[in-house]
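The values are calculated or read from the model by the stated rules, or taken from the named source; none is laboratory data. Here the structure is a predicted model, which is why all the values come from computation and not from measurement. Every residue, glycine among them, receives a Cβ derived from its backbone with ideal geometry; neighbour counts consider all protein chains shown. Note: areas computed on protein heavy atoms with side chains; ligands, DNA, RNA excluded. Shrake-Rupley method; radii C 1.70, N 1.55, O 1.52, S 1.80 Å.
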Amino acid sequence: MYGELQIYQCKRIPFQVTGFFFFFFFFFFIFSFCQTKIVVLVALAKMFSAGHKIKGTVVLMPKNELEVNPDGSAVDNLNAFLGRSVSLQLISATKADAHGKGKVGKDTFLEGINTSLPTLGAGESAFNIHFEWDGSMGIPGAFYIKNYMQVEFFLKSLTLEAISNQGTIRFVCNSWVYNTKLYKSVRIFFANHTYVPSETPAPLVEYREEELKSLRGNGTGERKEYDRIYDYDVYNDLGNPDKSEKLARPVLGGSSTFPYPRRGRTGRGPTVTDPNTEKQGEVFYVPRDENLGHLKSKDALEIGTKSLSQIVQPAFESAFDLKSTPIEFHSFQDVHDLYEGGIKLPRDVISTIIPLPVIKELYRTDGQHILKFPQPHVVQVSQSAWMTDEEFAREMIAGVNPCVIRGLEEFPPKSNLDPAIYGDQSSKITADSLDLDGYTMDEALGSRRLFMLDYHDIFMPYVRQINQLNSAKTYATRTILFLREDGTLKPVAIELSLPHSAGDLSAAVSQVVLPAKEGVESTIWLLAKAYVIVNDSCYHQLMSHWLNTHAAMEPFVIATHRHLSVLHPIYKLLTPHYRNNMNINALARQSLINANGIIETTFLPSKYSVEMSSAVYKNWVFTDQALPADLIKRGVAIKDPSTPHGVRLLIEDYPYAADGLEIWAAIKTWVQEYVPLYYARDDDVKNDSELQHWWKEAVEKGHGDLKDKPWWPKLQTLEDLVEVCLIIIWIASALHAAVNFGQYPYGGLIMNRPTASRRLLPEKGTPEYEEMINNHEKAYLRTITSKLPTLISLSVIEILSTHASDEVYLGQRDNPHWTSDSKALQAFQKFGNKLKEIEEKLVRRNNDPSLQGNRLGPVQLPYTLLYPSSEEGLTFRGIPNSISI
């Protein structure tokens, strides 16, 4: 990587008489003209030191573009960086000092503002710098930086130009730099070269190890804003027992009762009431470089969600408490008015929320105290198609939660709940009650035409507790679906189950609801579908979205920064897929999944929400997160080596699966081409100390409650390494995109995806039953999510479904110089080109008349969630690199 540096110096010429008089009179003239000795000395210094200079450009972002003096006058923030405010020292990668560490150059300060750099982004500023450096120092491979100012700045990059035999050397930094006194060791950054540990230039080895040690910390003390320390902890900060015993929540992680992935350690002390619960604070620590305050996406998310939980939600509640706003939707049109005419709120509520950043964009008001939401995609063509059985089934394979449906291999369906605890939980659905388009049950099972959306075992252990909460009534559901000859699904039965009043050991009390098109039976069927969707909405938000992507990914983020150097090839491969994950998870613990937070107040399980996700985590399997493995395990695909992706879908056009397999294959090819650039043999993987420590800790600490499971890859082969990296990238990018960016397009219509149910099916002879007969719309709306939680829920999912202008998508990097390895850059360019081809292919699929049933459905909404690219906004498409929202 490094050659021998050559610095060309001014050639010395012996002084002859003529030369002597020339220089004498030359310097005398300068001295006489300027009347100062200083200019002479400066001229001499520049003449005889010019050959020892390396020119550099530093790009950074000030914390604020403009600061204000105490007297109110503005001061140019950029000038503060000049003088002796920021110093850099180059470190050699090829020449060592007496201790074997790379030689360190002199402190060098920023010299002037560079206004001619054409590649500067918004808010970025460039500064010139010239380092004293000669051939005896070798090739620069790292640098120290010290900030002597009181305010931090975001360091983007350092570029060294015209290095002999090297050309340009680039340092991609992307890090916040605080006052140097706040750090225990000087901040260091490395050039964008790539080395496995054994190939690191000897003078850089100790620097590499020291940097990792500083990132690990010592596991003690409360973390400060400026810290960069990555460590693990359990989810013991969701509750607030000091405020109220009703806000106490169990510790998730560290036990077999409530296993959970680990989150980032903050080091805060315990609450007074419960020593096992960590006290909350206004700010939830994440390592400083995970808190990407310079990004618009981060600002939008953080300000928006905090505003919703701390200001908007209380403002809404006050409006409903004052009865100035109706607490219920009375008709379907009332719901549509949220997007068409808007909802009228009191002046003080509007004036409270509209000035808030992001909220101003979130809500649309015409100045008449009218609040409007954007029209969800699901009703942009038809306002009623969402009610059809076809759309109900289609969204199981092309909606926002398309990764739960499974093949039915035996009938009737059986439960995996322990009969010693829950008694007989077998299904009460009978074969002769099902309309299978002329197929017998054996024929339908044999031809693999039966599928099921099964939430029975997940919800049944909690149904009794949920139904004891205020305004919460639900069932554990099973939905049976039949695959028709045209390749679309139709629901044929829904089973609604409750725990027996005599106790859990008694058999479940179940009723089977069959499809109906008219009369009160059609309303009962519509309500049965609503109970299913409530189960599905809760599972989606808490398991498919939060647990399987956000929470499951955080341990890998932590382990990577603790054990893989920025020089490591796997660090460079994976870290783009970690961006903002720890930050959004911390924000979720603060405002979304915390006790009495937005999730608990808008979703059915309420206080049991995150606890239920812990129960699901008991059966989480890392290797099953691979898309082909997931499809096979769920019985919606079978292995078939003759197919392009090695699996054959049993629902031929299963949009999420079909499109996902294209993306999966592209990621796989990219990883398969990248990894062998640095690992030629299996032994290279085994002998990589950083890699082995990384994986061991990710498994044994990050996912410590599952560490003894036999399915964890051993990371002893190239194949293991490719598999691990492929799954991590898939989870963070395509899987998250599939379950995230459709939230508002589908769930923005609360009738289509209700988040809660408030009463059970009415019994004959009751006023509620008469209501079903006389006013099916009112009966439906009195059953599902009420108006206040609807407004809050819609506000949240619109933020979560929206792309920021600075989003970085799969196949892109935020810096084209992320590595100096030309082969890696070529492979990555090939990956990006392949994704463009795939997007064109997916567009053609959506335009194929033979695939309209599953791809567009009755609502005429093409499945675009796995299109790799997107523009800014609520686009219903695009695969960002990471779980950035």
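Roughly how tilted is helix 519-539, in degrees to the nearest 10 and between 0 and 90, from the longest Cα axis of the chain?
30
Can you tell me the Rg and the Dmax, both Å, for the Cα atoms in the chain?
Just the Cα atoms of the chain yield Rg and Dmax of 31.1, 123 Å.
Relative to the compact globular guide of 2.2 N^0.38 Å, what is the alpha carbon radius of gyration of segment 608-689, as a ratio?
Against the compact-globule rule of thumb, the ratio is 1.43.
Work out, in µm²/s and without decimals, the Stokes-Einstein translational diffusion coefficient of segment 593-644 at 10 °C, 1.306 mPa s, Rh from Kirkwood over C-alpha pairs.
Here the translational diffusion coefficient equals 117 µm²/s.
So what's the convex hull volume per residue for the Cα atoms of segment 650-804, in Å³?
221
With +1 assigned to the C-beta of every Lys and Arg and -1 to the C-beta of every Asp and Glu, and no other charges, what is the dipole magnitude of the chain about the Cα centre in debye, to the nearest 20?
Charge dipole of the chain: 2580 debye, to the nearest 20.
Near the amide H of ALA248, under 5 Å away, which other amide H atoms are found, from residues 5 or more places off or on another chain, if H is placed in the peptide plane?
The list, which skips near neighbours in sequence, is ASN240.
Which of the trypsin sites (Lys or Arg not before Pro) across segment 548-630 are loop residues per DSSP, with 14 or fewer other Cβ within 10 Å?
LYS618
Between LEU874 and TYR226, what length comes free when the chain is fully extended (0.36 nm per residue of separation minus the Cα-Cα distance, one decimal in nm)?
Value of the extension gain: 229.9 nm.
May I ask for the percentage of alpha-carbon pairs in segment 53-216 that lie more than 22 Å from each other?
Value for segment 53-216 (Cα pairs over 22 Å): 43 percent.
Treating the angle as unsigned and between 0 and 90°, give the value, to the nearest 10°, between the Cα long axis of helix 552-563 and the longest Cα principal axis of the chain.
The two axes meet at around 20 degrees.
ALA516 to GLN852: extension gain in nm, 0.36 nm per residue of separation minus the Cα-Cα distance?
So the extension gain works out to 118.5 nm.
Along the Cα-to-Cβ line of GLU328, 7 Å from the Cα, sits a label point; which residues in segment 511-527 have backbone N less than 19 Å from it?
Label zone hits: 523-524, 526-527.
Please compute the per residue accessible area over the chain with all protein chains in place, 1.4 Å probe, rounded to a whole number of Å².
It amounts to 41 Å² per residue over the chain.
Kirkwood hydrodynamic radius (Cα pairs, Å) of segment 750-823?
This gives a value of 16.6 Å.
Bin width 10 Å, origin at 0, all Cα-Cα pairs of segment 545-660: what percent of pairs per bin?
Each 10 Å bin holds this share of Cα pairs: 11, 29, 30, 25, 5, 0.
What are the lysines whose alpha-carbon lies under 18 Å from the alpha-carbon of LYS243, with same-chain residues fewer than 8 places away excluded?
The reachable lysines, counting only those whose Cα sits under 18 Å from LYS243, are LYS279, LYS607.
Run the numbers for ASP442 and SER85: contour at 0.36 nm per residue of separation, minus the present Cα-Cα distance, in nm.
120.6 nm
Taking 27 Å as the cut-off for C-alpha to C-alpha distance, list the pairs among LYS103/LYS224; LYS529/LYS764; LYS55/LYS213; LYS490/LYS639; LYS714/LYS841; LYS372/LYS778 that go past it.
With Cα atoms farther than 27 Å apart: LYS103/LYS224; LYS55/LYS213; LYS714/LYS841.
Sort out for me the Cα centre separation of segment 768-796 from segment 477-539, rounded to whole Å.
Using only Cα atoms, the two centres lie 18 Å from each other.
With each pseudo-label sitting 7 Å past Cα toward Cβ, what's the GLN375-THR273 distance in nm, one decimal?
4.7
Which cross-chain or sequence-distant (5 or more) residues have an amide H under 5 Å from the amide H of LEU408, H modelled 1.01 Å from N in plane?
Sorted by chain and number, the residues that satisfy this are LEU450, PHE451, MET452.
Would you compute, from DSSP H runs of 4+ residues alone, the mean residue ellipticity of the chain at 222 nm, taking -39500 (n - 2.57) per run and dividing by the full residue count, rounded to the nearest 500?
Value at 222 nm, helices only: -10000 deg cm²/dmol.
Go through segment 138-203 and name the trypsin sites (Lys or Arg not before Pro) that are in a DSSP coil and have 13 or fewer other Cβ atoms within 10 Å of their Cβ.
LYS184
Amide H neighbours of ASN174 under 5 Å, counting only residues 5+ apart in sequence or on other chains, H built in-plane at 1.01 Å?
So ASN174 has HN proximity to LYS156, SER157.
Can you tell me the dipole magnitude for segment 53-216 around its Cα centre, using point charges on the Cβ only (Lys, Arg +1; Asp, Glu -1), in Debye to the nearest 20?
Approximately 400 debye in magnitude.
Run down the aspartates and glutamates and flag those whose C-alpha is under 20 Å from the C-alpha of LYS709, throwing out any fewer than 8 positions away in its chain.
Qualifying aspartates and glutamates at Cα under 20 Å: GLU554, ASP624, ASP630, GLU697, GLU700, GLU719, ASP720, GLU723.
If I model a spin label as a point 7 Å beyond the Cα along the Cα-Cβ vector, how far apart are those points for ILE421 and LYS106 in nm?
About 7.2 nm separates the two model spin labels.
Per residue of segment 457-464, what does 6.51 cos²θ - 1.76 cosθ + 1.60 with θ = phi - 60° give for ³J(HN,Hα)? Whole Hz please, x for Gly and Pro, Karplus curve as stated.
5, 6, 8, 3, x, 10, 4, 4
Specify which residue in the list ILE54, MET137, LEU117 is farthest towards the positive end of the charge dipole of segment 53-216, using unit charges on the beta carbon of Lys, Arg (+1) and Asp, Glu (-1), about the Cα centre.
MET137
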